[in-house]
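To start, the structure under review is shown below, and the notes come after it.
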Amino acid sequence: MTKRIKMKPGTRLSEQPENIGMNRWHPDIPAITHVKPGEDIILETLDFLDCQIANNDDPSDVRDIDLTRAHPLTGPIYIDGAEPGDLLVVDILDIGTITPYGFSGIFAKENGGGFLAEYFPNAAKAIWDFHGIYTSSRHIPGVRFAGLTHPGLIGTMPSIDMVHEWNRREAPLAAEGKAKPPYEPTAYVGALKGAERDRVAKEACRTVPPREHGGNTDIKNISIGTRIYFPVFTKGAGFAMGDLHFSQGDGEIAFCGAIEMDGYTHLGFDLIKGGMAKYKLKQPIFVPGPTDPKFEKWLMFEGICVEDGKQYYLDATVAYRRACMNAIEYLQNFGYTGEQAYMLLTAAPVEGRIGGIVDIPNCACTVAIPTGIFDQDILPRK
């Protein structure tokens with residue numbers, strides 16, 4: 001019988017019945033269970049904001065969110081036999097919902113912001129109801145689509161040297177407000193107590209960015225059927241995951257941008273001994289699964305790296321931002337507010353691409369929206 005690690009939905013990580021989770025990265029966080037290579041396990045996880053968002057029409061909970069509580073992860077899982085230098089092979093066998101709804105939103109500019117915070121500075125929220133593999137929202141009417149369900153955050157535990165290195169290299173950015181440094185008051189580090197808890201909490205890395213071990217990659221194609229090869233940096237690998245998404249557009253541009261949910265993930269594990277050196281891998285690689293939603297037609301918007309009259313040089317960030325803004329402005333022709341269009345781009349399975357990054361001075365990026373998600377024709381007509 002497959003082991004299942006259960007969470008209590010609607011209850012924050014620190015109030016779960018057992019010490020079965022964490023919201024920081026540090027190798028001294030105790031493992032919650034062991035798994036042998038060849039075995040599988042089902043992990044239940046909380047939404048990435050630790051049960052702070054309510055199913056209502058009031059966006060004040062998004063506006064006032066405590067982001068230092070992100071992300072509640074289930075783990076670490078100790079993989080028997082895993083040693084530094086190995087590759088941990090993780091198969092995503094299934095993903096499912098626990099509660100019948102999820103949420104997406106726009107963080108206020110002064111509290112988290114997002115990719116388009118300069119254009120959309122105020123908080124907004126969309127609740128998405130789940131109907132099997134489909135979802136729709138009362139806050140963005142006229143849209144229905146199948147989700148590409150995936151974990152936003154999944155990875156192995158860093159070594160203590162990596163923890164110190166991450167903090168060192170991110171510290172200058174943190175001083176400018178461009179990274180998140182360790183923050184002890186809301187750190188949850190599993191079963192650790194007292195002075196040991198305080199020590200780890202003060203140096204443990206925040207979960208916001210992706211790093212060499214995987215982490216918060218927000219790659220929508222890491223879905224059901226995907227196989228991931230993770231570098232192992234500590235004995236036992238220290239696998240952990242959370243931040244499940246019912247659906248997400250490439251880039252998760254609103255930051256609170258996927259359809260966030262409580263859920264479960266059925267996982268299988270194996271090891272490739274010495275795989276990091278054998279394959280010269282320093283970061284994870286993955287083989288996407290076969291479960292992408294099928295859409296026949298797409299409407300693609302281009303952006304170049306020119307913004308507000310300023311020319312940038314081969315800047316893919318600016319070009320993708322312009323592609324997104326071009327799509328948002330276009331969708332307002334069909335009854336959507338800018339905020340609704342923004343939340344739709346970040347929640348629906350839109351495709352983002354770099355078209356060209358060599359044609360100086362302009363990089364070209366695109367964002368493509370599947371037209372079949374709308375209950376109206378959104379193509380230009382005479």
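Read the figures in this text as sums done on the coordinates, not as results from a lab. All values reported here derive from a predicted model rather than from experimental measurement. So basically every Cβ, Gly included, is an ideal-geometry build from the backbone, and we count neighbours across all protein chains shown.
Considering only DSSP states other than H, G, I, E and B, which trypsin sites (Lys or Arg not before Pro) in segment 164-222 qualify as loop sites with at most 16 other Cβ atoms within 10 Å?
Those satisfying the criteria are LYS178, LYS193.
List the lysines whose alpha-carbon lies under 18 Å from that of LYS294, not counting same-chain residues fewer than 8 positions away?
LYS220
What is the set of long-range amide H partners of GLY75 at a cut-off below 5 Å, with H atoms built 1.01 Å from backbone N?
The list, which skips near neighbours in sequence, is GLY21, MET22.
Spin-label point model (7 Å from Cα, Cβ direction): what's the LEU379 to GLN311 distance in nm?
Spacing of the two 7 Å Cα→Cβ label points: 3.6 nm.
For labels at ASP80 and ASP198 in the simple 7 Å Cα→Cβ model, what's the distance in nm?
Reported label-point gap for ASP80 and ASP198 is 3.8 nm.
Once the Cα gyration tensor of segment 298-373 is diagonalised, what are the square roots of 5 times its eigenvalues, in whole Å and ordered largest first, as equivalent ellipsoid semi-axes?
Semi-axis lengths for segment 298-373 are 23, 13, 8 Å.
Quick one: what are the phi-derived ³J(HN,Hα) couplings along segment 253-267, Karplus 6.51/-1.76/1.60 with θ = phi - 60°, whole Hz, x for glycine and proline?
Once θ is set to phi - 60°, the couplings for segment 253-267 become 5, 8, 6, 8, x, 6, 7, 7, 7, 6, x, 10, 9, 9, 10 Hz.
How do MET162, MET22 line up, fewest other C-beta atoms within 10 Å first?
Exposure proxy ranking, most exposed first: MET162, MET22.
Rounded to two decimal places and with Rh computed the Kirkwood way over Cα pairs, what is Rg over Rh for the chain?
0.96
Quick one: angle between helix 316-331 and the longest Cα principal axis of the chain, in degrees between 0 and 90, rounded to 10, please.
50
Kirkwood Rh and Cα-based Rg: tell me the resulting Rg over Rh for segment 31-149, rounded to two decimals.
Ratio of gyration radius to Kirkwood radius: 1.06.
Determine ³J(HN,Hα), in whole Hz, for all residues of segment 332-346 in sequence, where each value follows from phi through the Karplus function 6.51 cos²θ - 1.76 cosθ + 1.60 and θ = phi - 60°; x replaces Gly and Pro.
Going residue by residue, I get 5, 6, 10, x, 9, 6, x, 5, 4, 5, 4, 5, 5, 4, 7 Hz, with x marking Gly and Pro.
Kindly provide the GluC sites (Glu not before Pro) of segment 111-195 that DSSP labels as loop, not H, G, I, E or B, and whose Cβ sees at most 16 other Cβ atoms within 10 Å.
Sites meeting the loop and neighbour criteria: GLU118, GLU176.
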